[in-house]
Amino acid sequence: MTRKPPINRNDEIVLCIDSMGSEGQGVGRYEGMAVFVPFALPGEVIKAHIIKVTSSYAVGKLVDIIKHSTDRVVADCPYFTKCGGCMLRHMSYAAQLEYKRRQVADAMERIGGFTGLEVKPTVGMNNPQRYRNKGAFPLASCGGAIYPGLFVPRSHRIIPITDCLIQNENTMRAVNAVREWANANGISAYDEKTQKGILRHIVVRSTTGGTMAVVVTNGELPQKEKLIDMLKAAVPDLQSIIHNINDRDTNVIMGDINKTIWGSAYTLERLCKLDFSVSAESFLQVNTEQACKLYDIAIDSLEIKPTELAVDLYCGIGTITLMLAKKSAKAIGIEIVDSAIHDAAENAVRNGLSNVEFICATAESALPKLVASGIRIDALSLDPPRKGVDIKALEAIIQSGVQRITYVSCNPATLARDCKILCSAGYEIRMIQPVDMFPMTAHVETIVLLQRENL
Ligand code: SAH
């Protein structure tokens, strides 16, 4: 028999918050039921309006804070709580870093079954603002004008913005220039429902080499010369303007066609003393300063020797592969996206590295073949997407006998799951280091060093 929940929708309750959930929400217990309240902090006593009740948990909206946490700070962004981007802007930065460390420790314990593991303090930023090198803004029309904005969480509603405190200033200059161009020239915003209208998204990359503005439309790009002039006048380090065409009924931001309408087809990013060309659709870690720290820690922990062979699974545009190549006899990068592998090969040439090989395939198909060929892998880097490493790739890793693995993860849950599998096959965790790639948000990136002795 299912028990009747102790609370109902629209109830207003007083709640003591004692922990935080994986999305940065405060969590308290009401007659045994977990209640998630965004923007409430541990140690606080709050009043919440219940907006959702399920058989196992409830969600409340913060209406009043009766007792404040000493970790609470005044959020400095007018869009905070509305746009869904920064879930932790009400929390001191030191407390955010500790929250992320705890998230990793909890996942390792709860999902991985590990006890007594040390999780190092999260590596943070000196100035955790304006750190993103990429922004993507949908557009909407209102009262005859068009504005860029950000999606309200779990909805298709857009709130208009003129600044975003985690974005680079040049990104915002480019976004506002496109808005002014659209409004001065009567360019309409694309409407998802009717599939009518022109301008769909503004995507901007602001890297060490300059700013790339990508204007995504449903088809044609009217008043192109005026757009170029306005962007050139507004963005001091403009490097590239790309027109991307996306005429599909989809919520994927970019379409397949990219036309360089001004400047170069790519921009350059400098990471750990190497240059990478970044095209409109390439994956690049969004926080350059922290990416350098992440890569340095991950690669140093592998202690690569000049005679060794290293493999980099999920290599993207070859960032980690090239850093491994600098220290080893040879590095092999494996990645599923064709254009990323193309960029990776060009990046090797750009940096004068010839001891690299790139394979365009899934990790789970390429690694078993590599291992079956009898190649000796001395060190391995893993940097998978949120869903973690496929079981076939894990089995190939175990079979390969590789002794040192550095696992870079953006999802503590799948990291813990995969570490459990690797450790049950003889690996031991030697280091767990969270790195804050996304200040003000609840996301955490983690490096785990795994080793196994000769079996
Ligand atoms: N190491 C890179 C990219 C990491 S992001 C960097 O630091 O920049 C994860 C990458 O894994 C993406 O480039 C994605 O395209 C790739 N990917 C996703 N699934 C994959 C799979 N099954 N096999 C190989 N690569 C995959």
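The values are calculated or read from the model by the stated rules, or taken from the named source; none is laboratory data. All figures in this text were calculated on a predicted structure; none of them were measured in a lab. So basically every Cβ, Gly included, is an ideal-geometry build from the backbone, and we count neighbours across all protein chains shown. SASA here: full protein model, heavy atoms, side chains in, ligands and nucleic acids out. Shrake-Rupley method; radii C 1.70, N 1.55, O 1.52, S 1.80 Å.
Observations on the model:
- Among the residues of the stretch 329-339, those identified as more than 10 Å from the ligand (Cβ to nearest atom) and surrounded by 21 or more Cβ atoms within 10 Å (Cβ to Cβ) are 331, 332.
- Whichever residue in the stretch 395-418 is assigned to a strand (DSSP E or B) and not hydroxyl-bearing (Ser, Thr, Tyr) and, among such residues, is farthest from residue 72 (Cα to Cα): 404
- Among the numbered conditions (1) assigned to a loop (DSSP other than H, G, I, E, B); (2) surrounded by fewer than 16 Cβ atoms within 10 Å (Cβ to Cβ); (3) among the hydrophobic types (A, V, I, L, M, F, W, C), the only one that residue 349 does not meet is (1).
- Selection status of residue 421, closer than 22 Å to residue 302 by Cα and assigned to a helix (DSSP H, G or I): yes
- Flag if residue 319 is near the ligand (Cβ under 10 Å from one of its atoms) and either of a type in the set (A, V, I, L, M, F, W, C) or at pLDDT 95 or above (or both): yes
- The single condition from (1) within 26 Å of residue 264 (Cβ to Cβ); (2) at pLDDT 95 or above that residue 209 fails is (2).
- Qualifying positions in the stretch 300-315 - open to solvent by less than 10 Å² (accessible area, probe 1.4 Å) and within 11 Å of the ligand (Cβ to nearest atom): 312, 313, 315
- Residues of the stretch 237-283 classified as closer than 30 Å to residue 296 by Cβ, more than 16 Å from the ligand (Cβ to nearest atom) and assigned to a loop (DSSP other than H, G, I, E, B), total: 3
- Filter result (closer than 19 Å to residue 294 by Cα and open to solvent by less than 20 Å² (accessible area, probe 1.4 Å)) within the stretch 371-388: 379, 380, 381, 382, 384, 388
- Residues that are touching a residue at least 12 places away in the same chain (Cβ under 8 Å) and on the phi > 0 side of the Ramachandran plot within the stretch 313-360 comprise 314, 316, 318, listed in sequence order.
Let's see how each residue does on (1) among the hydrophobic types (A, V, I, L, M, F, W, C); (2) over 23 Å from residue 213 (Cβ atoms):
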position	(1), (2)
112	no, yes
119	yes, yes
131	no, no
143	no, yes
163	no, no
175	yes, no
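- The set of residues from the stretch 364-385 being more than 14 Å from the ligand (Cβ to nearest atom), touching a residue at least 12 places away in the same chain (Cβ under 8 Å) and not basic (Lys, Arg) comprises 371, 375, 377, 378, 379.
- Subset of the stretch 80-124 [assigned to a loop (DSSP other than H, G, I, E, B) and of a type in the set (Phe, Trp, Tyr)]: 80, 114
- Residues of the stretch 345-363 that are among the aliphatic types (A, V, I, L, M) and either over 12 Å from residue 274 (Cα atoms) or near the ligand (Cβ under 9 Å from one of its atoms) (or both): 345, 356, 359, 361, 363.
- Which numbered condition residue 200 misses (of (1) open to solvent by less than 50 Å² (accessible area, probe 1.4 Å); (2) within 14 Å of residue 172 (Cα to Cα); (3) charged (D, E, K, R)): (2)
- Complete set of residues in the stretch 12-47 that are open to solvent by less than 50 Å² (accessible area, probe 1.4 Å) and not in a strand (DSSP E or B): 21, 24, 25, 38, 39, 40, 41, 42, 43, 44
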